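Novice: Dumping the structure here so I can ask a few things about it.
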Amino acid sequence: MTTPDPIFVDPRLARLYDAFDDDRRDLDLYTGLAERLGARSVLDVGCGTGVLALRLAARGLSVTGIDPAAASLEVARAKPGAQAVTWVEGGADAAAGLDLTVDLATMTGNVAQVFQDDADWGRALDAVRDALRPGGSLVFETRVPDRQAWLGWTREQRSVRRDIPGVGQVEMWNDLVEVALPLVTFQQSYRFPPGVLPDGDVVTSLSTLRFRERDEIEESLADAGFEVHEVLDAPDRPGLEWVFVARWA
Ligand SMILES: C[S@@+](CC[C@H](N)C(=O)[O-])C[C@H]1O[C@@H](n2cnc3c(N)ncnc32)[C@H](O)[C@@H]1O
């Protein structure tokens, strides 16, 4: 299984995720699709801190959120309404063992890009398919490689501060480490106020993401038994991402 990055598994960083990723207009497309597809039950794969899972549960859907990062799930479980969601600690490949037959599976926040090698990605798709009912849908996004999102992952382009309750002002910045397409590696650094952490003020997290071309994704979906129903544009990030709507044929 792909191991999650420190930003998701280190409790010091997992608790910062929502503050630094605070514009969640990206999720509107997913709640809209859940409604359009008539989904009553959803598996949110790589649910992280549970923002989408909680939104869907608040609309009365039956929701399971699965993620391998215990610290992110702990953040999710502490949120209002969390008891309405079934939270499972595990990677996408564990989805098949959940004994679910959901109408819809989702992967938001570019979860699809964490699977660096094709075998891992294929296993994830197979497992998600096995958690769907026949005719059920999988919706996920992935960045368009040609748009070279990584060019913005530098300290000059991305350096942000947030006030974190109980912690103080935290600064976050990105450093691009390596572009070895289809893999891109970058580091996220978080500077805490002096004295908050016992062993230094800066905590870093290294991430490598896989940038797949559209035809590679379509092929991997077909191999897992999915039919691509639509490829949408993300309205909040026009031209930057493909949002795949695939149906288990
Ligand atoms: C950028 S976050 C997105 C979280 C959430 N979907 C959102 O939109 O806020 C990526 C998530 O993928 C999860 N992840 C990493 N490896 C995974 C795997 N093998 N299977 C499922 N999720 C994984 C991480 O733990 C993290 O929560």
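Since every read-out is calculated from the coordinates, none of them should be taken as a lab result. Because the structure is a prediction, the values reported are computed rather than measured. All Cβ positions, even for glycine, are placed from backbone atoms using ideal geometry, and neighbour counts span all protein chains on display.
Novice: Going by Cα centres, the stretch 155-217 and the stretch 20-98 are how many Å apart?
Specialist: 23
Novice: So how far apart, in nm, are the two label points at ASP118 and GLN169 if each is 7 Å from Cα heading toward Cβ?
Specialist: Spacing of the two 7 Å Cα→Cβ label points: 4.9 nm.
Novice: Would you kindly derive the ³J(HN,Hα) couplings of the stretch 8-22 from the backbone phi angles with the Karplus curve 6.51 cos²θ - 1.76 cosθ + 1.60 (θ = phi - 60°), listing them in order in whole Hz, with x for Gly and Pro?
Specialist: 9, 9, 7, x, 5, 8, 4, 6, 8, 3, 5, 5, 8, 10, 8
Novice: Sticking with the crude label model, points 7 Å out along Cα→Cβ, report the distance from ASP146 to ALA222 in nm, one decimal please.
Specialist: Going from the ASP146 label point to the ALA222 one covers 2.0 nm.
Novice: Continuing with the same structure: Before rounding to the nearest 500, sum -39500 (n - 2.57) across all DSSP H runs of length at least 4 in the chain and divide by the residue total; then give [θ] at 222 nm in deg cm²/dmol.
Specialist: Details: 8 runs with 60 residues, N = 249.
Computed mean residue ellipticity for the chain: -6500 deg cm²/dmol.
Novice: Another question, if that's okay. Note down the nm distance, to one decimal, between modelled labels 7 Å out along Cα→Cβ at ASP236 and at LEU206.
Specialist: Inter-label distance under the simple model: 3.0 nm.
Novice: Hey, another quick one. Please say if the stretch 109-249 is rounded, prolate or oblate, where rounded means a/c under 1.5 for a ≥ b ≥ c the square roots of the C-alpha gyration tensor eigenvalues, and otherwise the choice is prolate for a/b larger than b/c and oblate otherwise?
Specialist: Working: a/c = 2.35, a/b = 2.04, b/c = 1.15.
The shape class here is prolate.
Novice: Also, I was wondering about something else. If amide hydrogens are placed 1.01 Å from N in the peptide plane, which non-local residues have theirs closer than 5 Å to the one on TRP87?
Specialist: GLY65
Novice: Here is a further query. In debye, nearest 20, what is the charge dipole magnitude of the chain about its Cα centre with +1 on Lys and Arg Cβ and -1 on Asp and Glu Cβ, if you could check?
Specialist: Numbers: 25 positive and 41 negative charges, 168 e Å.
Result for the chain is approximately 800 debye, rounded to the nearest 20.
Novice: If you don't mind, there's one more thing I want to ask. Among 12-22, 160-170, what's the highest-first ranking by average C-beta atoms within 10 angstrom per residue? Walk me through the numbers before you get to the answer.
Specialist: Numbers: 12-22: 17.7, 160-170: 12.7.
Answer by packing, highest mean first, reads 12-22, 160-170.
Novice: Under a 5 Å amide H to amide H cut-off, with H placed in plane at 1.01 Å, what residues pair with LEU132 once short-range neighbours are removed?
Specialist: It is VAL102, by chain and number.
Novice: Pull out a ≥ b ≥ c, the square roots of the eigenvalues of the alpha-carbon gyration tensor of the stretch 147-210, then state rounded if a/c is under 1.5, prolate if not and a/b is larger than b/c, and oblate in the remaining case. Please report the intermediate quantities before stating the final value.
Specialist: On the way: a/c = 3.30, a/b = 2.13, b/c = 1.55.
The shape class here is prolate.
Novice: What FRET efficiency, computed as 1/(1 + (r/R0)^6) with R0 = 35 Å and r the Cβ-Cβ distance, is obtained for ARG162 and GLU35, rounded to the nearest 0.05?
Specialist: Numbers: r = 31 Å, r/R0 = 0.90.
The calculated FRET efficiency here is 0.65.
Novice: Long-range amide H contacts for ASN110: which residues qualify at under 5 Å (H placed 1.01 Å from N, peptide plane, sequence gap of 5 or more or a different chain)?
Specialist: GLU141
Novice: Right, next: In the stretch 24-182, what % of DSSP beta bridges are antiparallel (nearest 5)? Provide the component values of the computation, followed by the final result.
Specialist: Working: 6 of 24 bridges.
Once the DSSP bridges in the stretch 24-182 are tallied, antiparallel ones form about 25 percent.
Novice: Something else now. Quick check: residue separation of ALA70 and ARG155 times 0.36 nm, minus the Cα distance between them. What number comes out in nm? If you can, show how the numbers build up before the last one.
Specialist: Values: separation 85, 0.36 × 85 = 30.60 nm, distance 2.87 nm.
So the chain would gain 27.7 nm between ALA70 and ARG155.
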